[in-house]
Amino acid sequence: MAPTFWQSLALFLGGACLGAVINLGIYRLAYFRRRISPWGRTRDMPLKRSWFDRIPIVGWWALRREARFHGKGFWVRPMLVELGFALGLVALYWWELERFAINYWPQPNAHPRDAASLWAIHGQFSVHVVLLVLMAIATFIDIDEQTIPDSITVPGTIAGLLIAASGRMPVVPALWIDFNHPQSRDLTAPLAFDWPFQTTAFLGCGYSLAVAVACFWLWCFALLPRRWRRGVRMSIAWRVLWRRIAARPDWHWVLPIAVVGCLVISVVWARGGEAWRQLVSSLFGMAVGGGMIWFVRVVGGGVLQREAMGFGDVTLMAMIGAFLGWQAVVICFFVAAILAFVVAGVQWLMRGENMIPYGPFLCLGALLLILFWPPIWNLFGPYYEVPWLIPSVLGLSLPCLALLLYGLKAMRQVISIISR
């Protein structure tokens, strides 16, 4: 099911325009904003920009004249971003259609007989594109500044939850599509291993509503500025915490989000159906994804006595979990950790540095899951059938992480002593 020439051309042009949006977000949403994108404000620029400068990809060739303001070769990366996203969009569309055809129409001369199924695949592709745009902006800002702004992850998380609440499009890479059974034509069929949300009894009871609201309120609470006071009684520390939160203006926008979100969750729960099932899994994925990174942040900071991971990584993983669901985000956590460990080890051996931005590895892990979810799920899916196994692995990974960090810290001290 390869796309036609006109489909490929439309996808290429659309991908180039989305690449321009990515570049605009990279330079506009960063902490240190730069007016490099031709779509940004240019009133203080000594050189005027023409309509040709705003053409994706080719416009950057003309913007080379601004090198004395932005630095030599500043135009290369944004041009490659737009070109790469344009080509990547075509490749992703072909990949998802081809993967769909292999699993659902294995005969070479077979034709789609279920229009709703084909629309579902296009919906899944659209959701993946939205997630990839958000992750691309977060990745390059994290590379540039080692920070991920909430202006990306907070709207992205809300978008993922709203898509899940609509129930009209899959919000996860094949988690709602049973690729293990090619004869199935039901693209919204759940996977065989989908605890704790596979039973109708759980989804229909008030307990599921309480869990969903608790996940959402936990995410809202995490967005507030918090600083825990040590060395005092628990009651005093809590009072100080809430006073500090009330003194900051952040709660003025977090509180409306929390109230409106609870109302939306309650309405979807009352209606039930596939929308509620997707929303529960999305909320749980958000909580599990952000919670895992937050625990790593706490454990790493306690062992190393410095910030081991920024809070932007927590909100980024929560956004990924809202799109991919809780099963995929658990696998993404370990895939990203392995990739980051390898890169950090190589960098430490070659340069003696071990500080790397972690956000790009989270995004790379999510991209790998999107592209190769069927074989990944075939490999790890059976382990989800054992209810106690995944929580046990996550629980044991934190002490193991602490021991690993203690070992690395001791090794660094020994090396520093020997080098003297």
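The values are calculated or read from the model by the stated rules, or taken from the named source; none is laboratory data. What you see is a predicted model, and the numbers here were worked out from it, not measured in a lab. Here the Cβ is made from the backbone with ideal geometry for all residues, glycine too, and neighbour counts use every protein chain on show. Side chains are part of the model used for accessible areas, which takes the heavy atoms of the whole protein and leaves out ligands, DNA and RNA. Shrake-Rupley method; radii C 1.70, N 1.55, O 1.52, S 1.80 Å.
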_Per-residue counts of other Cβ atoms within 10 Å, averaged by peptide: what ranking do you get for 86-97, 362-373, 325-336, 378-389, highest first?_
325-336, 362-373, 86-97, 378-389
*Fully extended contour minus Cα-Cα distance, from Ala10 to Ser151, at 0.36 nm per residue*: 47.8 nm
*Apportionment of accessible area to carbon and sulfur, segment 318-391, percent (1.4 Å)*: 77
*List, in order, the whole-Hz ³J(HN,Hα) value for each residue of segment 213-219 obtained from phi through the Karplus relation with A = 6.51, B = -1.76, C = 1.60 and θ = phi - 60°; use x for Gly and Pro.*
5, 5, 4, 5, 5, 4, 5
*Can you give the convex hull volume of the alpha carbon atoms of segment 291-350 per residue, in Å³?*
84
*Work out from phi, with θ = phi - 60° and the Karplus expression 6.51 cos²θ - 1.76 cosθ + 1.60, the ³J(HN,Hα) of each residue of segment 74-85, listed in order in whole Hz, and give x for Gly and Pro.*
4, 7, 5, 4, x, 5, 5, 4, 5, 5, x, 6
*If you take the charge dipole of segment 11-91 about its Cα centre, with +1 on Lys and Arg Cβ and -1 on Asp and Glu Cβ, which of Tyr27, Gly59, Val90 is farthest toward its positive end?*
Tyr27
_Full-extension gain between Val58 and Leu29, please, as 0.36 nm times their residue separation minus the C-alpha to C-alpha distance._
8.1 nm
*With the convex hull built on the Cα atoms of segment 276-377, state its orientation-averaged projected area in nm².*
6.8
*Roughly how many Å² is the accessible area per residue of segment 267-378, as a whole number, for a 1.4 Å probe?*
39
